[in-house]
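K.L.:
Got a structure here, written out as structure tokens. Questions coming.
The values are calculated or read from the model by the stated rules, or taken from the named source; none is laboratory data. Predicted, not measured: the structure shown is a model, and the values here were computed from it. Methodologically, a virtual Cβ is constructed for each residue, glycine included, from the backbone with ideal geometry; neighbour enumeration extends over all protein chains shown.
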Amino acid sequence: MRGEGSARPTVRRWAAAVALALTATACQTGPADERSDGGPPATEPAAPGLGPYENVPSAVEDPADPELPEPLVDVERLMSGGPPPDGIPALNDPVFEDVARVDWLEGSDPVLGVSVNGEERAYPVRILIWHEIVNDTVGGVPVAVTYCPLCDSALAFDRRVGDRVLDFGVSGMLYHSDLVMFDRQTHSLWPQIEGRAVAGTLTGTELDRVSVAVVSWDRWRDSHPDGAVLSLDTGYERDYGHNPYVGYDDPDTDPFLLDTDADPRLPAKARVIGIGSDDTALAVPVDRALESGVVETEADGEPVTVWAQAGPSSALDDALVAEGREIAATGVFRPDLDGRELTFTADGDGFTDDQTGSRWNILGHAVDGELEGRRLTPVDHLDTFWFAWVGFSPETEILR
């Protein structure tokens, strides 16, 4: 752990932690009895338009209920982050607008890009920082697009589980300081980074991942001029564009409500690119990836190419999201096309393959040259803080 140094920095760290805790509680919370669909509190049956609530014990109310399967985690570590269930309202009926009509995003604004079956959508972080979950359908697939500000982690999931289509809300709980979602059908609990139900009727069920790219608005817009963007017309009054977690990604502040010491191999809030899972998990420090722009490695026994370039603003730095300091956009891809292995070199504003000289953008799209119009297959990865990645993948290796 970091040394305490003088008393003055210690007091500053303590004061910052207290201020951040108060901000994370007060600024996230909506009306105490407000559900994100305008209906009753989360412990009541789901409202019309959402999947039917099943008459089963609720892990939101009691994750250790003896009538439920044994939880996969110590339920004492499911900590209240302050807001009640649905105090942070998920968006269940999202409205979108055409790229050409969007005049309220700055070029540096971070957005979550999701592509399913040829349909392209962008979810601005300036909206998701206030809602954390969007229940949507993209390319005919029901998806949950999620963002946890405390881990700076963006993930999307297929909402289909067997013959169910789940609708997710924000439980108000944290696990490893990470957003814990709940599904409205069974009230099972799902830590976002885990992507698996850890308590409730669906304990042990895993969600299928949908790839997400976190990039700046200008880069996404230029690549998807015919795409759709989550609108400010959310049905809620929020100070979109402002950051309620000012300074949270300062490396000298501690993670909020992390109930254990972070693995000391890296600073707790070092940014990493997490790839793979379980005993094949790999963390690539973002600083390391930025040095060369391209890192060739393996994930789950298969070759991958990891790209990084300066890109979006940090959503957790300045009071205005778009004015946060510049951080990295990353991409992880299978480095082959039609059976041909490709190698890549960063070339300033993009990437060039050594085989054909075609140029590629951070989204894995060939934008010029012989392969123009082609796309690499994305590999699921997670840009997040070290403490969050290693908390869920403790056996992870670090690519030095």
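K.L.:
For the stretch 303-400, give me every one of the strands (runs of 3 or more DSSP E) that falls completely inside it and has 1 or more residues that are touching a His at 6+ places or on another chain (Cβ under 6 Å) and surrounded by 16 or more Cβ atoms within 10 Å (Cβ to Cβ).
P.N.:
The strands (runs of 3 or more DSSP E) meeting that bar are 326-333.
K.L.:
Let me ask something else. Could you check how many residues of the stretch 153-183 are in contact with a strand residue (DSSP E or B) (Cβ under 6 Å, 6 or more places away or on another chain) and outside any strand (DSSP E or B)?
P.N.:
Number of matching residues: 3.
K.L.:
I'd like to know if the stretch 113-120 contains one or more residues that are at pLDDT below 95, farther than 24 Å from ASP218 by Cα, assigned to a loop (DSSP other than H, G, I, E, B) and out of contact with any Phe, Trp or Tyr (no Cβ under 8 Å at 6 or more places or on another chain).
P.N.:
No, the stretch 113-120 contains no residue that is at pLDDT below 95, farther than 24 Å from ASP218 by Cα, assigned to a loop (DSSP other than H, G, I, E, B) and out of contact with any Phe, Trp or Tyr (no Cβ under 8 Å at 6 or more places or on another chain).
K.L.:
Does LEU258 meet the test of being in contact with a Phe, Trp or Tyr (Cβ under 9 Å, 6 or more places away or on another chain) and either in a loop (DSSP other than H, G, I, E, B) or surrounded by 13 or more Cβ atoms within 10 Å (Cβ to Cβ) (or both)?
P.N.:
yes
K.L.:
Right, something else. Hey, could you check the stretch 278-302 for residues that are in contact with a helix residue (DSSP H, G or I) (Cβ under 9 Å, 6 or more places away or on another chain) and over 16 Å from LEU342 (Cβ atoms) and say which is surrounded by the fewest Cβ atoms within 10 Å (Cβ to Cβ)?
P.N.:
GLY301
K.L.:
For ALA213, work out the one condition from (1) assigned to a strand (DSSP E or B); (2) over 30 Å from HIS365 (Cβ atoms) it doesn't fulfil.
P.N.:
(2)
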